[in-house]
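The next block holds one structure in the form of C-alpha cells; read it before the comments.
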Amino acid sequence: MSENNNAQYGVDQIDSLSGLQAVRKRPGMYIGSTSQAGVNHLIWEVLDNSVDEFVAGCGTEIELIINSDGCVKIVDHGRGIPVGPHSKWKNADGTPMNTLTGILTKLHAGGKFNQEGSGYKCSGGLHGIGTKCTNALSVEFIVTVKREGNIWQQKFSKGNPITDVVKIGTCDVNDTGTIIEYLPDETIFKQTIKPSDSAIKARLDEITSLNAGLKIIYKNEIAKVEKTFFQKDGLKGYSKRMVSGKNALFNEPFYIKGQYKINDDKYVLVEVSFIYDDDDKPHETFKSFANNINTPEGGYHLQGFRDSYKKILNDFIEKNNLHKDQVELRYLLDGIYCIVSIKIPEAEFEGQTKSKLGNEEAKHAVDFVMQQEFAKLSKSRFDDLRLIVD
Ligand code: 0RA
C-alpha cells in the first residue's frame, strides 16, 4: 500500500466521525468478534456490497486479493460509490461533504438504503453498516472509484479521512466500479490480521452458488492460492451437490425463480431449488438465505415456502386424484434437499444469533412466486411430482 498522505484533511471532519469511533470502541458489536472470524468479517462487509452491484445488474466479475502482509484488495465493476458534494451532509465548516466520504464514515448515513431508483437495494451486512465498518477497523483504507469517466480516490486511517477525495485520472465512461484496499488494524485484531483461506473459499463457493453467473477471482499470497469461483447453474447446482452420494429420486432439481413487487421500486427476488433422495430414513434438509446471508434459524421466507408447498402439492394431489385426503407436510417433505434464497430490501435479522429473517413480506413473496411458477411445473414435471407424492 502507498504511504499515508498527511495533507491535513481538516479537523472539522472529526465531528462526523464520532460515529465510527463507536465501532472501534466496541468492534464485537458490529463484526461479531475481533478474532479470526472478525478479520474474515471485514472482507464480507465489503464483498456484500460488490455482490449487491452484481445483483443490481452491474458487473459480473469481482476480484479478491490477499497480499502477503495481510492487505486485502477487492475490485468490482459495479456503479461505483457515488462521488460529489452531498446535498444535505455538511463538513463542520459548513461546506458540503463529499458523498463518498459520508458513505464511508457516517455511521447512520444509510448509503444506498435511502437512495431511490437504484434497483435492488438489498444489503445484508450484520447491522447494515457494511464497508464503513471495515474502514473504521483498518489502519490503512484506500477507496478508488471509477464513475462517469473519472477516477477518484480517498485514503483513510482508522475511519478518519487523511486525504480529500482526489481525482487521479480518467477512464472510459462505461468503465465503472469500486476498488477497496485495506490493512486490518492490529491494535484491534490482536490474534491475527490475516483472513482464513478456508473460510474465504467456503464463502466464495456459497456466494457464487447463490448468484449464478457471478465470477469471483481469488488470489491469496499467504496461502499460495489462485482460484476462480463460478457456478453456471447457481442454486440448481447447489441442490444437486447436496444430494450427491445419495440416490436421487429424479435427475433434474426443481428450480423456481421470480419477483414479487412490494412497491414501485422495491422488489423481492425469490429463488428455490429442491431435489429428493429415495432414502428410507426420514429427513428434510433445508438451507435458507436472505441477501446471500445464511439464515439457519429460518424465518418468513422458509415459512412461506413450507405453507405454499403444502397448499400447491395438495392441490396437485386433488386435481389428479392421487389421494383422497389432505397429505401432511412432513410426508410431502420426506427426502427433500431444498434451498430457499431471497433478495429483499431492508432485511431484518432476528433471533438468538441474528440468523432468522424477520420480514413478514418475505412469506407473501415466496408464496406468490411459488404459485405463479408451479403452474408450469405441474405440467412439465408431472412425472417427477408423482414420484414425490408416491
Ligand atoms: C452507495 C450507493 C450505491 C452504491 C454503493 C454505495 C456501493 C458501495 C460499494 C462498496 C464496494 N463496492 C461498492 N459499490 C457500490 C448506489 C450507486 C448508485 O445508485 O449509483
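Lysine pairs in the stretch 318-374 8 or more apart or on different chains: how many have alpha carbons under 21 angstrom apart?
Here the count comes out as 4.
Quick one: if you stick a label point 7 Å off each Cα along the C-beta vector at Asp205 and Asp233, how many nm between them?
1.6
When only Cα pairs under 8 Å and 6 or more residues apart are kept, what is the percent relative contact order across the stretch 248-390?
After rounding, I find 34 percent.
Residue separation times 0.36 nm, minus the C-alpha to C-alpha distance between Val166 and Ser68: what's the value?
32.5 nm
If neighbour count is taken as other Cβ atoms inside 10 Å, put Phe156, Phe316, Phe230, Phe141 in order from fewest to most. Kindly include the intermediate steps, with their values, before the conclusion.
Details: Phe156 26, Phe316 18, Phe230 15, Phe141 29.
Exposure proxy ranking, most exposed first: Phe230, Phe316, Phe156, Phe141.
Can you list the lysines whose alpha carbon is less than 20 Å from that of Lys106, not counting same-chain residues fewer than 8 positions off?
Lys25, Lys88, Lys90, Lys121, Lys132, Lys155, Lys158
Only helical DSSP H runs with n ≥ 4 go in: add -39500 (n - 2.57) per run for the chain, normalise by residue count and round the 222 nm mean residue ellipticity to 500 deg cm²/dmol.
-10000 deg cm²/dmol
With a/c under 1.5 counting as rounded, go ahead and sort the stretch 197-238 into rounded, prolate or oblate using the C-alpha gyration tensor (a ≥ b ≥ c being the square roots of the eigenvalues; past the cut-off, prolate if a/b is larger than b/c, else oblate).
Numbers: a/c = 3.45, a/b = 2.11, b/c = 1.64.
It is prolate, given that a/c is not under 1.5 and a/b is the larger ratio.
Find how much the distance from Arg241 to Lys88 grows on full extension, using 0.36 nm per residue of separation minus their present alpha carbon separation; answer in nm with one decimal.
Result: 50.1 nm gained on full extension.
With 10 angstrom as the radius, rank Lys324, Lys227, Lys356 by how many other C-beta atoms surround their C-beta, starting from the fewest.
The order, fewest Cβ neighbours first, is Lys324, Lys227, Lys356.
Using R₀ = 25 Å, calculate the FRET efficiency as 1/(1 + (r/R₀)^6) where r is the Cβ-Cβ separation of Ser378 and Glu297; round to 0.05.
Numbers: r = 31 Å, r/R0 = 1.25.
Result of the calculation: an efficiency of 0.20.
Restricting to bridges with both residues inside the chain, how much of the DSSP beta-bridge set is antiparallel, in percent to the nearest 5?
Among the beta bridges of the chain, antiparallel pairing accounts for roughly 80 percent.
Semi-axes of the chain's equivalent ellipsoid from the Cα gyration tensor, sqrt of 5 times each eigenvalue, largest first, rounded to whole Å?
Taking √(5λ) for each eigenvalue gives 43, 21, 18 Å, largest first.
With the cut-off at 1.5 for a/c, could you classify the stretch 242-390 from its C-alpha gyration tensor as rounded, prolate or oblate?
Values: a/c = 1.94, a/b = 1.45, b/c = 1.34.
Verdict is prolate for the stretch 242-390.
If each residue of separation counts as 0.36 nm, what is the full-extension length gain between Lys25 and Thr353 once their alpha-carbon separation is subtracted?
115.9 nm
Under Stokes-Einstein, with the Kirkwood radius over Cα pairs standing in for Rh, what whole-number D in µm²/s applies to the stretch 196-323 at 20 °C and 1.002 mPa s?
Estimated via Stokes-Einstein, D reaches 125 µm²/s.
Evaluate the relative contact order of the chain (contact order divided by residue number), counting alpha-carbon pairs under 8 angstrom at least 6 apart; express in whole percent.
Value for the chain: 16 percent.
Measuring from label point to label point, each 7 Å out along Cα→Cβ, what is the Thr95 to Glu221 span in nm?
About 3.5 nm, to one decimal.
Regarding the stretch 160-249, what whole-number volume in Å³ per residue does the convex hull of its Cα atoms give?
Each residue corresponds to 180 Å³ of Cα convex hull volume.
Out of Gly358, Pro161, Val225, whose Cα points farthest toward the positive end of the dipole of the chain (charges: +1 Lys, Arg; -1 Asp, Glu; placed on Cβ)?
Checking the options against the dipole of the chain, the answer is Pro161.
List the lysines whose Cα sits under 16 Å from the Cα of Lys236, skipping any in the same chain fewer than 8 residues away.
Correct list for Lys236: Lys257, Lys287.
Counting only other residues whose beta carbon sits under 11 Å from that of Arg24, what net charge do I get with K and R as +1, D and E as -1? Let's see the in-between values first.
Working: positive: Lys25, Arg26, Lys158; negative: Asp185.
So the surrounding residues net to +2.
Please say if the stretch 143-197 is rounded, prolate or oblate, where rounded means a/c under 1.5 for a ≥ b ≥ c the square roots of the C-alpha gyration tensor eigenvalues, and otherwise the choice is prolate for a/b larger than b/c and oblate otherwise?
It is oblate, given that a/c is not under 1.5 and a/b is not larger than b/c.
Values quoted throughout were computed directly from the atomic coordinates according to the rules given, and no laboratory measurement underlies them. The shown structure was predicted, so the numbers you read here are calculated from the model rather than taken from an experiment. When we count neighbours, we look across all protein chains shown, and the Cβ atoms used for this are built from the backbone with ideal geometry, even at glycine.
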